[in-house]
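Below is one structure; the comments refer to it alone.
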Amino acid sequence: MWLLARQRIVDAYRGSGLGALWSVLPQLTQITVLALILGTVMQHRLGASAGGASVPYVVYMLPGVLLWQLFHDTLVNVADALPAQRLILKKNPVDLALIALYVPLAQSVPFGVGLALLWALVSLLWQPIAWGVIGVTLVAALCLVALAYLIGLTWGMVGVLVPDVRLALPALLQVGFWLTPIVYPAHIIPPALRAWVEWLHPWYGCFAPVQVAWTGLAPAVSAGAAWCMPAALALLHGALLMRMLRHGRKVVLDAL
């Protein structure tokens with residue numbers, strides 16, 4: 001897994017003049033552009049209207065975008081891992097449950113770079129960010145990666161037999177991004193729909209604690225309730241994945 005993760009990172013920047021600097025530049029560009037457009041042009045601030053502390057909108061939005069990119073890229077690339085490594089799977093007795101672990105290992109590099117840049121940017125332009133906030137962000141990132149891995153590998157195995165499933169995942173995740181309170185604050189959701197976000201949203205429970213930690217604002221939803229659906233989704237896909245690995249390994253390998 002370490003070898004595949006290293007190879008994925010090396011191949012991504014091989015032949016480029018700037019080399020591994022490309023792992024920094026996209027993150028820096030995205031953070032800078034979003035900060036300028038949404039922070040300077042739109043001048044959004046949170047909390048002040050409710051009588052609380054004034055918080056720049058980008059401090060709420062950017063950690064969520066960074067986490068979403070990690071979740072999205074991990075899920076999509078894990079779903080594609082079996083076809084991508086078909087030669088290794090056909091010639092070596094590799095565990096199907098472990099073959100895709102190189103994906104989150106490789107994705108941790110751009111995420112770590114982006115988080116460091118975000119921490120430096122917010123600390124410099126707004127106020128110092130405590131290490132505890134970074135800890136909350138890392139815990140949420142681990143939970144999202146685990147959830148993305150289970151979902152991606154489960155539907156990736158199905159996608160070996162029905163390729164349309166893997167092709168549909170990016171489009172479905174695009175819808176999921178806009179249904180998640182990341183680029184808009186959760187408190188603007190109509191009260192009638194807020195219960196849906198609190199109890200039934202598939203992954204918002206992993207984002208909400210991070211938004212609260214970075215901004216210091218009161219949570220828009222109950223943390224305990226918000227974790228119910230991500231946990232249920234992880235358990236469901238874990239059970240499905242174990243069953244598919246137990247009974248469908250030969251079918252998947254033959255299809256590859």
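Values in this text are rule-based calculations from the coordinates and carry no lab data. None of these values were measured; they are calculated from a predicted model. Backbone-built Cβ (ideal geometry, glycine too); neighbour counts: all protein chains shown.
Numbers below:
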{"quantity": "Sequence ranges 139-145, 90-96, ranked by mean other-Cβ count within 10 angstrom, highest first", "calculated": "139-145, 90-96"}
{"quantity": "Hydrodynamic radius (Kirkwood) for region 117-204, which is based on Cα pairs only, to one decimal in Å", "calculated": "15.9"}
{"quantity": "Reduced Cα scattering model of region 108-256, Debye log10 I(q)/I(0), q = 0.09, 0.17, 0.18, 0.21 Å⁻¹", "calculated": "-0.37, -1.08, -1.15, -1.35"}
{"quantity": "Principal axis box of region 55-148, alpha-carbon based, largest edge first, Å", "calculated": "54, 20, 19"}
{"quantity": "Highest to lowest packing among 210-221, 126-137, scored as the average C-beta count within 10 Å", "calculated": "210-221, 126-137"}
{"quantity": "Förster radius 30 Å - calculated FRET efficiency between Leu236 and Leu256 (Cβ-Cβ, nearest 0.05)", "calculated": "0.75"}
{"quantity": "Full-extension gain in nm, Ala97 to Arg243, via 0.36 nm per residue minus C-alpha separation", "calculated": "51.4 nm"}
{"quantity": "Leu124 versus Leu36: modelled label distance in nm, points set 7 Å from Cα along the beta carbon direction", "calculated": "1.4"}
